[in-house]
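To keep things clear, I will list the structure first and then write my remarks on it.
The values are calculated or read from the model by the stated rules, or taken from the named source; none is laboratory data. Note that the coordinates shown come from a computational prediction; the quantities given were computed from them, not determined experimentally. Quick reminder, even Gly has a Cβ in these numbers, built from the backbone with ideal geometry, and neighbours come from all protein chains shown. The accessibility values were calculated without ligands, DNA or RNA, using every heavy atom of the protein model including side chains. Shrake-Rupley method; radii C 1.70, N 1.55, O 1.52, S 1.80 Å.
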Amino acid sequence: MNRFETIPKTRRCQAFITINEPVSSGLIRLEIEVDQEMDFLPGQFAMLNLMGPRKRTFGRPFSILACSGNRVEFLYRVVGGGTGDLAGLKPGHPLTMLGPLGTPFPAPVPGQPAVLLAGGVGLPPVLAWWHRFSRTDDRAFFGARDPGDLPWDLLPVSWDASVDAQGETPVGRVAWQGLVTELAERELTGMDLPPSMVLACGPIPLLEAAGRFAEGRGWDCFVSMEEHMGCGYGACKGCVIPIRSDGQPEAEGRNATCCQEGPIFRAEEILWKQIR
Amino acid sequence: MNLPDWWKIDPCEPFVLGPREFPGRIWTASGCFAYGLTGHEISSRGFTSPYEGLGAVVSKTVTPMARTGNPMPRLCELPTGALNSIGLENVGFDEFLASVLPELERRGVPTVVSLAATRPDEFGVMVAALQMAGADYEHWHGVEINLSCPNVAEGGHDFGRDPETVARCVAAARKALPDRALLAKLTPNVADIASLAKAAAESGADAVSVINTVVGLEVDLTSGRPVLPRRYGGYSGPGVLPIALAKVDEIVQKAGVPVVGVGGIGGAQDALKFFALGAEAVQVGTAQMEDPFAAARIAADLSG
C-alpha cells in the first residue's frame with residue numbers, strides 16, 4: 001500500500017457535540033469540538049462514547065469525514081442502541097473521543113487515476129479522500145437506497161449517484177437506478193483509462209463487487225472494512241478480519257485487526273467467503 | 001479526588017511482591033492491553049503516554065503455539081460490561097520470546113508475562129525458556145499463569161477448578177522461576193476459591209490474581225440463539241466488581257494469600273475497594289479498552 005510517511009497522532013479527548021442533524025433520510029451529520037487540535041488521514045476513524053449515565057462499555061467506531069482545528073465531523077446512521085442514543089442528543093452534550101485510529105486509504109499516485117465507490121453510510125472516508133486529494137481525472141460514484149437517502153448538499157456535483165429505488169431528485173441532479181458498481185462499470189467501460197486505483201467503502205457486497213471490478217481490469221483496489229469493535233486501538237483483538245497469509249493457501253489465512261491493520265485493506269487479501 | 005483517611009499508600013511507589021520489587025500497584029489486566037506495545041504514541045491531556053505510572057502490564061496470554069482465536073463475533077456488549085470470546089489469539093511463545101519480550105524491555109515496560117498451557121509441565125518448559133531469554137531483563141517482573149480462560153474449547157475452564165492441578169501447574173512454573181514474581185490467575189467459577197488460592201500459594205505462587213472472567217451467555221432474541229458462536233463467553237466490566245470483591249475477601253479471610261485484585265475496576269474508587277480488603281495491587285481490564293488511560297488515571301488519582 002502506498003503508505004503515508006507520518007500518521008497523525010492518536011489522542012484521547014474530551015469533546016462536546018456542536019452539530020447533530022440529519023442530512024438525508026438516513027444519514028446524520030455529527031460535528032464535535034475536542035479539547036486538542038486534531039488531524040486525520042482519509043479512511044481513519046475515531047471511537048466515540050457518551051459521557052454520563054449513557055456511557056457504553058465500549059466506544060463506537062465512526063469514520064472521520066473532516067477535521068479542522070478542534071472540530072471533527074462524522075456522518076452516521078442509526079444502527080443500534082449506541083447510535084440511537086447519539087441521535088437523540090443536542091449540541092453541548094459531552095462525549096469522549098479516541099482518534100484518529102487505523103490505517104488510512106493510500107495517498108494518490110501520480111499518473112494513476114482513482115475510482116471512488118461509496119454506498120450508504122460508507123460515504124465519509126471516500127468523500128474525505130476526494131476533498132483532500134482529488135484530481136481532474138478521478139471519478140466518484142455513490143449509491144444509496146433512494147434519492148431521499150442521498151445527502152445532496154454534501155455530494156460534489158461531479159459525482160455520479162445511483163439508487164435502488166427511484167424518487168424525486170433536486171433540480172439539476174440525477175440518480176441512476178441500479179448498483180453503484182454497475183454504474184461505474186457503465187460509465188468507465190470503453191474509456192481509455194490508464195491503470196487506476198479503486199477506493200471503496202460501503203456494504204460488504206459493494207466491497208466485494210469493487211474488488212471484482214478492479215481485478216477484472218488488473219487495477220489496485222482498497223476497501224474500508226467495518227466490524228464491531230471493542231477498543232479500536234489494537235488492544236483486545238475483538239474485531240478481526242480473515243485475510244490471506246503470505247504464500248499460504250486460502251484456508252491458512254490469518255486474522256487481522258480491523259481497527260489497527262485496517263480498516264483499509266487490499267480487496268484481494270480479504271477472504272470474502274469467511275466474512276459473516 | 002478526595003481520598004479516604006485510611007489510604008496511606010502511594011501506588012506509584014515501588015513495592016515488593018515475592019522475590020521482586022514492582023514499580024507500582026496499578027497494573028493492566030491480561031488481554032485488555034495487548035502485549036504492552038500498543039498505544040505508546042497515544043496522548044491525552046495531562047498524560048504523555050497510557051503507560052505513565054503503571055506498576056505492570058500483564059501481557060495478553062501467550063500459549064506454546066500461535067493461536068488464531070475464535071470466529072467473530074468475539075465480543076458482546078452488555079449494559080454492565082461485556083462478554084468476550086477472543087479464544088486466546090496470540091503470536092505463540094517462540095515469537096513472543098523472540099520479538100515481543102525484547103521490545104518490552106527496550107521500551108522499559110514493566111511486564112508480567114501471562115502464560116497458558118494445556119498440561120502442567122508445559123508451564124515449566126515455557127517459564128524455563130523465559131528465564132533463559134530474560135535473565136538480564138530489568139523490566140520483566142514476573143509470570144502470571146492463566147489457569148482459567150473460560151472461552152477456549154480445550155477446557156481451559158476445568159483446568160483451574162481443581163486444587164491439585166493448580167498446585168501442579170504452579171509448582172512446575174515456580175521450579176523454573178527463582179527470582180521473579182509468580183502469580184496464578186484464578187477463576188471465579190468455582191464454589192471454593194480459597195482452596196485454589198491456598199493450593200497455589202503452597203506450591204510457590206507469590207500471589208493470586210483474582211478474578212478471571214465470569215462465565216456468561218447472551219441470547220440474540222431475533223434468532224433465538226446465543227450471540228457468541230461458542231455460546232459462552234467471559235463476562236467482565238463493572239457488573240463483576242462485587243463478585244471480584246467477594247472472591248478477594250474470601251481468599252484474604254480464609255487463605256491469607258497475597259492477592260492482586262482484578263474485576264470491574266473503572267475508576268480510582270473501585271480500585272480503593274480492593275485495597276481496603278487487603279489487595280497488594282490491582283489490575284484494570286475492560287475499562288482499559290474504552291480508555292487507554294484508564295489505569296494511568298487511577299494511578300494518578302490515587303497518588304493524591
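Between Rg and the Kirkwood Rh of segment B:134-247, both from Cα atoms, what is the Rg to Rh ratio?
Looking at segment B:134-247, the ratio lands at 1.06.
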query: If you find the alpha carbon centre of segment A:260-276 and of segment B:38-96, how far apart are they in angstrom?
result: 21 Å
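If Rh is defined by the Kirkwood formula over all Cα pairs and Rg also comes from Cα, what ratio Rg/Rh do you get for segment A:112-261? Before the final figure, lay out each step's value.
On the way: Rg = 16.7 Å, Rh = 16.6 Å.
Here Rg/Rh amounts to 1.00.
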Accessible-area composition of the protein assembly as shown, carbon plus sulfur, in percent [1.4 Å probe]: 51 percent
message: Given the C-alpha atoms of segment A:225-276, compute the convex hull and give its volume per residue in Å³.
response: 75 Å³
- prompt: How many lysine pairs are close in segment B:15-302, with Cα atoms under 18 Å apart and the two 8 or more places apart or on different chains?
  reply: 9
message: Can you return the lysines within cross-link range of A:Lys273? Criterion is Cα-Cα under 22 Å, with same-chain partners fewer than 8 residues away left out.
response: A:Lys237
- line: Rg/Rh of segment B:167-216 (Cα atoms, Kirkwood Rh), to two decimals, equals 1.00
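Using only alpha carbons, build the gyration tensor for chain A and give me the equivalent ellipsoid semi-axes, biggest first, whole Å. Don't skip to the end; give the middle numbers.
Numbers: eigenvalues 160, 114, 60 Å².
They are 28, 24, 17 Å, listed from largest to smallest.
At 0.36 nm per residue, minus the direct Cα-Cα distance, what do B:Arg230 and B:Asp136 gain on full extension? Give it in nm, one decimal, please. Write down the numbers at each step before the final one.
Details: separation 94, 0.36 × 94 = 33.84 nm, distance 4.13 nm.
Extra length available between B:Arg230 and B:Asp136 comes to 29.7 nm.
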statement: Given 20 °C, 1.002 mPa s and a Kirkwood radius over Cα pairs, the Stokes-Einstein diffusion coefficient of segment B:1-56 in µm²/s is 162 µm²/s
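Grab the other residues whose beta carbon is less than 11 angstrom from that of A:Gly211, score K and R as +1, D and E as -1, and report the net. Walk me through the numbers before you get to the answer.
On the way: positive: A:Arg212, A:Arg266; negative: A:Glu208, A:Glu215, A:Asp220, A:Glu268, A:Glu269.
With Lys, Arg at +1 and Asp, Glu at -1, the net is -3.
Using a cut-off of 12 Å between beta-carbons, work out the net charge of the residues near A:Asp153 (Lys and Arg +1, Asp and Glu -1, A:Asp153 not included). Display every interim value, and only then the final one.
On the way: positive: A:Arg29, A:Arg173; negative: A:Glu21.
Taking every other residue near A:Asp153 into account, the sum is +1.
Using only alpha carbon positions, build the gyration tensor of chain B, then give the equivalent ellipsoid semi-axes as the square roots of 5 times its eigenvalues, largest first, whole angstrom.
Numbers: eigenvalues 121, 111, 86 Å².
Semi-axis lengths for chain B are 25, 24, 21 Å.
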query: Taking a temperature of 25 °C and a viscosity of 0.890 mPa s, what whole-number D in µm²/s does Stokes-Einstein yield for segment B:191-304 with Rh from Kirkwood over alpha carbon pairs?
result: 161 µm²/s
task: Ignore the peptide's own chain and count Cβ atoms of other chains within 10 Å of each Cβ in A:226-234; give me the average, rounded.
output: 6
- prompt: If you build a Gaussian network model of chain A, linking Cα atoms that sit under 10 Å apart, which residue out of A:Gly202, A:Gly81, A:Gly26 swings the most?
  reply: A:Gly81
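Could you put B:Glu250, A:Glu168, A:Glu21 in order of accessible surface area, largest first, with the 1.4 Å probe and the full protein assembly present?
I get A:Glu168, A:Glu21, B:Glu250, largest accessible area first.
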query: Under a point spin-label approximation (7 Å from Cα along Cα-to-Cβ), what is the A:Asp192-B:Arg106 distance to one decimal in nm?
result: 5.2 nm
- request: At 1.4 Å probe size, with no ligands or nucleic acids counted, give the accessible surface of A:Arg244 in Å², nearest ten.
  value: 100 Å²
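In units of 2.2 N^0.38 Å, what is the alpha-carbon radius of gyration of the protein assembly as shown? Spell out each step's value before the answer.
On the way: Rg = 25.2 Å, N = 580, 2.2 N^0.38 = 24.7 Å.
Rounded to two decimals, the normalised Rg is 1.02.
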query: How much accessible surface does B:Asp162 have with a 1.4 Å probe, in Å² rounded to 10?
result: 60 Å²
- request: Would you kindly work out the equivalent ellipsoid of segment A:11-101 from its C-alpha gyration tensor and give its semi-axes, the square roots of five times the eigenvalues, largest first in whole Å?
  value: 18, 15, 12
field: Theoretical FRET efficiency, 1/(1+(r/R0)^6), r = Cβ-Cβ of A:Arg173 and B:Leu3, R0 60 Å, to 0.05
entry: 0.45
- request: Express in nm, to one decimal, how much length is gained between A:Thr6 and A:Leu271 on full extension, taking 0.36 nm for each residue of separation and deducting their alpha carbon distance.
  value: 92.5 nm
task: For segment B:89-140, report the translational diffusion coefficient in µm²/s to the nearest whole number, using Stokes-Einstein at 20 °C, 1.002 mPa s, and a Kirkwood Rh over Cα pairs.
output: 186 µm²/s
query: How big is the shadow of the Cα convex hull of segment B:50-160, averaged over all directions, in nm²?
result: 8.1 nm²
- prompt: Nearest-5 percent of antiparallel DSSP beta bridges in chain A?
  reply: 65 percent
For chain A, calculated [θ]222 nm from helices alone, where every DSSP H run of n ≥ 4 adds -39500 (n - 2.57): -4500 deg cm²/dmol
task: Would you check the accessible area of B:Tyr35, probe 1.4 Å, heavy atoms only, in square angstrom rounded to 10?
output: 30 Å²
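Considering only DSSP beta bridges where both residues belong to the protein assembly as shown, give the percentage that are antiparallel (nearest 5).
Antiparallel bridges: around 55 percent, rounded to the nearest 5.
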